[in-house]
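Presented below is the structure to which this report refers.
The values are calculated or read from the model by the stated rules, or taken from the named source; none is laboratory data. Model, not experiment: these values are computed from the prediction. As a convention, Cβ positions derive from the backbone with ideal geometry for all residues, glycine included, and neighbour counts pool all protein chains shown.
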Amino acid sequence: MPILSVDLVVPSSSSQPTIVPVPDSPTADLPLESLTLSGILPGHSNLSWLWRGCRHNLRRLRLKSCEGTGDEDDDESFADCLQRLRDLELRSCRSIADRVLLLAADRCRSLSSLLVYDGGSRDGLRRFIARCGPSLRVLDLRLPLDLDNGHLSAAAERFRGRLVSLRLQSCCLVTGEGLKALAEAVGAVLEELVLVNCDVVEREPGLLTSLGQSFQRLKRLDLSYNEFLLDKEVMSMVVSCKGLVEIRLRGCGGLTDASVVSVLKHCLLLEKGDFMQCCRISSEAVGLLIENSPRLGRVFVEEGKVLDTVKCGH
């Protein structure tokens, strides 16, 4: 039988150890701000006491590989604990993702960050976007089921002028049209853009140029694992994104030293860079970046490139 694991985090304001009540004290409030549950099965039905105990203090909830919420005998207990959530994560929870998303949209008045990994149907995501409150700032969708331009257009309308972070991973149905619509709506405020393994940036030449012109306040950019991404696309984007403090290009095997030189030239505030698994980027280019970027504190490259950089005197 799978093990149900619970990670309970005591609020930082409390210096006293917490005694977590068991179902014998079903009405006690738990001083928990963060809760992680994994492996809940449909047959688990004895967690209502936990949800009731969390209804006043819970701010962050993470569900991992769950097929139920453990409240089959008390439908309202789980829903009530969502009211004060600010951060919700659903990882590999396909069978319950739509239900939780709908409850979150209806009950969470202060939700600022949502992460969905491998879950959420087309209708479930659309209903969440249409009904969620105005406080959402971070939208993180990884391996979403059926995410398409319709969702991005709805998000553009719903989160206009508010979304500060958009993270998409492996979204094969999204096209440049949807991303441009979102860029028009949130370009003035967006600070982080993640397009990991999203082949739209490879399929549509000029898309990154357009996005760069819209996201001029961008501080963090992640284009990792777009294997066929070309230098000219990255170069044309960073020209407009002069405020970048972090860039991740891990696994972009098509990029060469030209991209690194462009980053060096235009991203004068850069503090962190990731160039792992970029086989065509040389140690000389890495050394040049390190030597001439005064704010650069962390660089991720293969050990061999670092050794070559040291040998060259950088």
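Given the criteria surrounded by fewer than 18 Cβ atoms within 10 Å (Cβ to Cβ), among the aliphatic types (A, V, I, L, M), farther than 25 Å from GLU202 by Cα and at pLDDT below 95, does LEU268 qualify? When the stated conditions are applied, LEU268 does not pass them. For region 28-49, a residue qualifies if it is under 23 Å from the mean Cα position of the chain (by Cα) and over 12 Å from ARG60 (Cα atoms), and the qualifying residues are SER38, GLY39. Of the candidates GLY212, GLY251, the single residue that is surrounded by 15 or more Cβ atoms within 10 Å (Cβ to Cβ) and closer than 19 Å to SER165 by Cα is GLY212. Do we find that LEU173 is outside any loop (DSSP other than H, G, I, E, B) and either of a type in the set (A, V, I, L, M, F, W, C) or within 16 Å of LEU249 (Cα to Cα) (or both) in this structure? So LEU173 fails the test. Among residues of region 209-238 being under 22 Å from the mean Cα position of the chain (by Cα) and among the aliphatic types (A, V, I, L, M), the one that is nearest to LEU268 (Cα to Cα) is VAL238.
Of the residues making up region 182-207, those that are over 19 Å from the mean Cα position of the chain (by Cα) and more than 23 Å from LEU111 (Cβ to Cβ) are GLU184, GLU202, ARG203, GLU204, PRO205, GLY206, LEU207.
Is it fair to say GLY273 is out of contact with any strand residue (DSSP E or B) (no Cβ under 7 Å at 6 or more places or on another chain), under 22 Å from GLN169 (Cα atoms) and touching a residue at least 24 places away in the same chain (Cβ under 8 Å)? For GLY273, the condition - out of contact with any strand residue (DSSP E or B) (no Cβ under 7 Å at 6 or more places or on another chain), under 22 Å from GLN169 (Cα atoms) and touching a residue at least 24 places away in the same chain (Cβ under 8 Å) - is not met.
Residue under question is VAL189, and the condition is that it be surrounded by fewer than 18 Cβ atoms within 10 Å (Cβ to Cβ) and modelled with pLDDT of 95 or more; does it hold? Explain how you work it out, then say what you get.
Values: surrounded by fewer than 18 Cβ atoms within 10 Å (Cβ to Cβ): yes; modelled with pLDDT of 95 or more: yes.
It is true that VAL189 is surrounded by fewer than 18 Cβ atoms within 10 Å (Cβ to Cβ) and modelled with pLDDT of 95 or more.
Among the residues of region 143-154 satisfying the criterion of being of a type in the set (A, V, I, L, M) and either touching a Gly at 6+ places or on another chain (Cβ under 9 Å) or surrounded by fewer than 18 Cβ atoms within 10 Å (Cβ to Cβ) (or both), which is nearest to ARG109 (Cα to Cα)? Walk me through it before giving the result.
Step one: of region 143-154, the residues of a type in the set (A, V, I, L, M) are 143, 145, 147, 152, 154.
Within this subset, residues satisfying the condition of being either touching a Gly at 6+ places or on another chain (Cβ under 9 Å) or surrounded by fewer than 18 Cβ atoms within 10 Å (Cβ to Cβ) (or both) are 143, 145, 147, 152.
Details: LEU143: 26, LEU145: 25, LEU147: 24, LEU152: 22 Å.
Checking each candidate, the answer is LEU152.
Just wondering, is there one or more residues in region 223-244 that are acidic (Asp, Glu) and under 21 Å from LEU139 (Cβ atoms)?
Here is the first cut: in region 223-244, the residues acidic (Asp, Glu) are 227, 231, 233.
Okay, now just the ones that are also under 21 Å from LEU139 (Cβ atoms), so none.
No: zero hits.
Report yes if some residue within region 294-310 is touching a helix residue (DSSP H, G or I) at 6+ places or on another chain (Cβ under 7 Å), surrounded by fewer than 16 Cβ atoms within 10 Å (Cβ to Cβ) and at pLDDT 95 or above; otherwise report no. Scanning region 294-310, I find no residue that is touching a helix residue (DSSP H, G or I) at 6+ places or on another chain (Cβ under 7 Å), surrounded by fewer than 16 Cβ atoms within 10 Å (Cβ to Cβ) and at pLDDT 95 or above, so the answer is no.
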